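Step one of this worksheet: look at the structure below.
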Amino acid sequence: MFRRTSVLAALVVFTALPAMAQEFGGVPLGGSGAVLGKIESLAPGCPLSQTTVAIGVNQTLNTGALAQQRVGSVAGGASGCRPLVSTQVVAGANLAFGAGSGANQTITAQSQRGLLATNSFTRGVNAAVGARSSATQQLQSLFNH
């Protein structure tokens, strides 16, 4: 029960921090003319912002167990459209508990860069506990131009 609570607490932290980070971002006021130009160049029907989130939890709890996980998220958009601001979150917890256990995790997110700002938040927890246990984790945050 404690392990599941710990994993849940880690996911809450992974999702709360990016939301808090958005409150402190922004564009420096020195380039306001260039910013206005980019806002005016936004085509009708294109989104002002885009958020992509890919989160995974992978765990083994038994001796000799093996767990594998692949998670992917691809944000689409209308042809010729780029959002003003793009935010992407990639987070994972990969845990191998037990002698001879193994956990493998790959999480990938892909989206477009924002015209004004592109924010990327990538965090992971990767742990192996027990004799001959192993854990491998790969987190990728990719952006198209």
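So which residues in segment 62-97 are more than 30 Å from residue 45 (Cα to Cα) and either in contact (Cβ under 8 Å) with a residue 40 or more places away in the chain or surrounded by 18 or more Cβ atoms within 10 Å (Cβ to Cβ) (or both)? Scanning segment 62-97 gives 63, 67, 91, 92, 93, 94, 95, 96, 97.
Comparison of 101, 133, 49, 111 shows that the only residue that is at pLDDT below 95 and over 14 Å from the mean Cα position of the chain (by Cα) is 49.
The values are calculated or read from the model by the stated rules, or taken from the named source; none is laboratory data. Since we're looking at a predicted model, the values are computed, not measured. Cβ: placed from backbone, ideal geometry, glycine included. Neighbour counts: every protein chain shown.
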